[in-house]
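The values are calculated or read from the model by the stated rules, or taken from the named source; none is laboratory data. Remember, predicted model here, so these are calculated numbers, not experimental data. Note that each Cβ is placed from the backbone with ideal geometry, even for glycine, and that neighbours are counted across all protein chains shown. Keep in mind that these areas ignore ligands, DNA and RNA; they rest on the heavy atoms of the full protein, side chains included. Shrake-Rupley method; radii C 1.70, N 1.55, O 1.52, S 1.80 Å.
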Amino acid sequence: MNKVELVKRIVEVSTEEVNQKQVNAVLTALESVVKDVVLADDDVTIPGVCKVKSKVVPERTGKIMMGDKKGETYVTPEHKEGSVKIVKSLKKVFE
């Protein structure tokens with residue numbers, strides 16, 4: 001399901017009278033807020049859906065396993081990664 005389909009579906013199931021333009025604006029704002037909060041090293045919980053957070057991945061080394069440089073080592077620098085965890089209530093739907 002893409003964003004257009006999601007907006008249409010939200011308008012269909014909404015108990016309030018909202019239009020596609022309003023739902024699209026809210027989803028766009030949600031995306032912006034989640035990005036800002038996660039980049040600020042805080043967590044965002046979208047009730048009933050998921051928890052989004054960032055984590056720091058420490059520097060690590062590895063070996064190149066194929067190609068002309070096989071056996072050489074490389075370093076992946078410390079960096080941030082996003083993490084999304086589905087909430088328990090939604091996980092139960094898949095059981």
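With point charges of +1 on the Cβ of Lys and Arg and -1 on the Cβ of Asp and Glu, referenced to the Cα centre of the chain, which listed residue (Ser32, Ile64, Val84) lies farthest in the positive direction of the dipole? After comparing all options, I get Ile64. Using the Cβ-Cβ distance between Lys70 and Val37 with R0 set to 41 Å, the FRET efficiency works out to roughly 0.45.
For Lys63, a cut-off of 18 angstrom between C-alpha atoms picks up these aspartates and glutamates, skipping any fewer than 8 places away in its own chain: Glu72, Glu78.
Averaged over its residues, segment 3-92 has an accessible area of 82 Å² per residue, based on protein heavy atoms and a 1.4 Å probe. Among the lysines, select those whose C-alpha is under 21 Å from the C-alpha of Lys8, and discard any that sit fewer than 8 residues away in the same chain. Output for Lys8: Lys21. Solvent-accessible surface (1.4 Å probe) assigned to Val57 amounts to roughly 20 Å².
Translational diffusion of segment 3-92, estimated by Stokes-Einstein from the Kirkwood radius over alpha carbon pairs at 10 °C in a medium of 1.306 mPa s, is 96 µm² per second.
Once all protein chains are placed together, Glu12 keeps about 130 Å² accessible to a 1.4 angstrom probe.
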